[in-house]
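Trainee: Let me give you the structure first, and then I'll get to my questions.
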Amino acid sequence: MPKDDLPDIQSLADDRNIPLDQVGVKDLRWPITVLDRQKGKQRTIAAVNIYVNLPHNFRGTHMSRFVEVLNDYRDTDWLNKTTEILEQIRKIHDADEAFMEIAFEYFIEKSAPVTGQKSLMSYKCRFKASLGEKEDFVLGVTVPVTMLCPCSKEISDFGAHNQRCSVDVMVRYKEFVWLEDLIDLVEGSASGGLYTILKRPDEKYVTEHAYQRPKFVEDVVREIAVKLNAMENVTWCAVEADSQESIHNHNAFARVERTKAPA
């Protein structure tokens with residue numbers, strides 16, 4: 001049967017009178033390119049969710065068209081092409097709204113604090129974007145850090161308990177924000193950052209450095225929020241700290257969300 005004679009089932013009418021908010025493909029593994037402050041560009045693998053709204057009178061949408069559009073943008077920077085990609089998705093589906101959620105690993109070369117030993121550190125990054133009557137874009141990064149308890153340090157004769165903490169930062173901004181800047185901001189607000197390779201002199205340094213910078217999860221989210229609020233480019237932020245406690249059978253958690261008042 002010739003291609004043009006094949007039935008288009010998705011385009012058939014639907015009489016249930018229920019429009020769908022989002023229809024599309026989810027958890028598609030796809031190569032993407034993002035901007036890298038050191039090297040210009042970085043290629044990585046993303047988990048992609050991409051949708052459109054579906055009017056009540058259509059039975060379905062054409063799933064293959066989502067992938068066809070993504071295929072046209074394999075070698076471009078997705079963070080700066082999001083609006084263009086969503087516009088193509090919306091146009092090809094004749095939809096009012098288009099949505100995209102991208103999660104990917106981002107790698108930064110870090111040097112150990114004393115020996116200078118270089119290694120790659122990975123960070124979980126993501127962005128959510130939508131295009132309809134309004135346009136929205138949220139950039140997020142999860143940064144693992146070291147936390148040392150101020151209370152434990154104050155009441156103990158020897159040492160203080162510390163743990164790994166996962167700090168999640170999401171921002172809306174007016175102009176491009178580097179992932180590296182967000183990561184540096186988070187690591188500088190915690191008791192210490194993490195490294196993939198540490199030799200003994202480095203381990204001594206990071207242990208003592210954290211001891212000199214005790215922080216609660218409350219301290220960390222507040223300090224990050226203050227720094228983000230001072231960035232003229234950032235219009236909204238949400239910050240979460242989830243500390244995997246080493247002496248308690250629970251995690252410690254704090255969250256703050258702020259919209260910056262117009263200047």
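The values are calculated or read from the model by the stated rules, or taken from the named source; none is laboratory data. Everything quoted here is computed from the prediction, not taken from an experiment. All Cβ positions, even for glycine, are placed from backbone atoms using ideal geometry, and neighbour counts span all protein chains on display.
Trainee: Could you tell me which of the residues Ser130, Ser166, Ser122, Ser191 is in contact (Cβ under 8 Å) with a residue 60 or more places away in the chain and touching a strand residue (DSSP E or B) at 6+ places or on another chain (Cβ under 7 Å)?
Mentor: Ser166
Trainee: Can you pull out the residues in the range 205-215 that are surrounded by fewer than 18 Cβ atoms within 10 Å (Cβ to Cβ) and touching a residue at least 60 places away in the same chain (Cβ under 8 Å)?
Mentor: Correct list: Tyr205, His209, Tyr211, Arg213.
Trainee: Across the range 230-251, what is the number of residues that are without any contact (Cβ under 8 Å) to a residue 60 or more places away in the chain and surrounded by 14 or more Cβ atoms within 10 Å (Cβ to Cβ)? Please lay out each step first, then the result.
Mentor: From the range 230-251, those without any contact (Cβ under 8 Å) to a residue 60 or more places away in the chain are 230-232, 248-251; that's our starting set.
From the residues that got through so far, the ones that are surrounded by 14 or more Cβ atoms within 10 Å (Cβ to Cβ) too are 231, 251.
Count: 2.
Trainee: Within the bounds of the range 113-120, is there any residue that is modelled with pLDDT under 90, assigned to a loop (DSSP other than H, G, I, E, B) and either of a type in the set (D, E, K, R) or over 18 Å from Lys26 (Cβ atoms) (or both)? Explain how you work it out, then say what you get.
Mentor: Within the range 113-120, the subset modelled with pLDDT under 90 is none.
Within the range 113-120 (the criterion being modelled with pLDDT under 90, assigned to a loop (DSSP other than H, G, I, E, B) and either of a type in the set (D, E, K, R) or over 18 Å from Lys26 (Cβ atoms) (or both)), the answer is no, since none of the residues qualifies.
Trainee: Answer yes or no: is there a residue in the range 128-150 that is in a loop (DSSP other than H, G, I, E, B), among the charged types (D, E, K, R) and not assigned by TED's automatic domain parsing to the domain that holds Ile183.
Mentor: yes
Trainee: Quick check on the range 71-83. Is at least one of its residues at pLDDT 95 or above and under 29 Å from Val23 (Cβ atoms)?
Mentor: No, the range 71-83 contains no residue that is at pLDDT 95 or above and under 29 Å from Val23 (Cβ atoms).
Here's the yes/no breakdown for (1) without any contact (Cβ under 8 Å) to a residue 12 or more places away in the chain; (2) of a type in the set (Val, Ile, Thr); (3) in the same structural domain as Asp21 (by TED's automatic domain parsing):
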site: Ala47; (1), (2), (3): no, no, yes
site: Asn71; (1), (2), (3): yes, no, yes
site: Asp77; (1), (2), (3): no, no, yes
site: Leu86; (1), (2), (3): no, no, yes
site: Asp94; (1), (2), (3): yes, no, yes
site: Ile102; (1), (2), (3): no, yes, yes
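Trainee: Determine which single condition Glu84 fails, assuming it passes every other condition in (1) assigned to a helix (DSSP H, G or I); (2) of a type in the set (Asp, Glu); (3) in contact with a strand residue (DSSP E or B) (Cβ under 7 Å, 6 or more places away or on another chain).
Mentor: Every condition holds for Glu84 apart from (3).
Trainee: Then there's this: Go through the range 196-227 residue by residue and tally those that are of a type in the set (Ser, Thr, Tyr) and within 12 Å of Met147 (Cβ to Cβ).
Mentor: Number of matching residues: 1.
Trainee: Sticking with this structure for a sec: So how many residues does the range 151-161 have that are of a type in the set (D, E, K, R) and assigned to a loop (DSSP other than H, G, I, E, B)?
Mentor: Our first condition is that a residue be of a type in the set (D, E, K, R); within the range 151-161, this holds for 153-154, 157.
So of that shortlist, the ones also assigned to a loop (DSSP other than H, G, I, E, B) come out as 157.
Within the range 151-161, residues that are of a type in the set (D, E, K, R) and assigned to a loop (DSSP other than H, G, I, E, B) number 1.
Trainee: For Cys165, which of the numbered conditions (1) within 15 Å of the chain's Cα centre (by Cα); (2) within 27 Å of Asn251 (Cα to Cα) fails to hold?
Mentor: (1)
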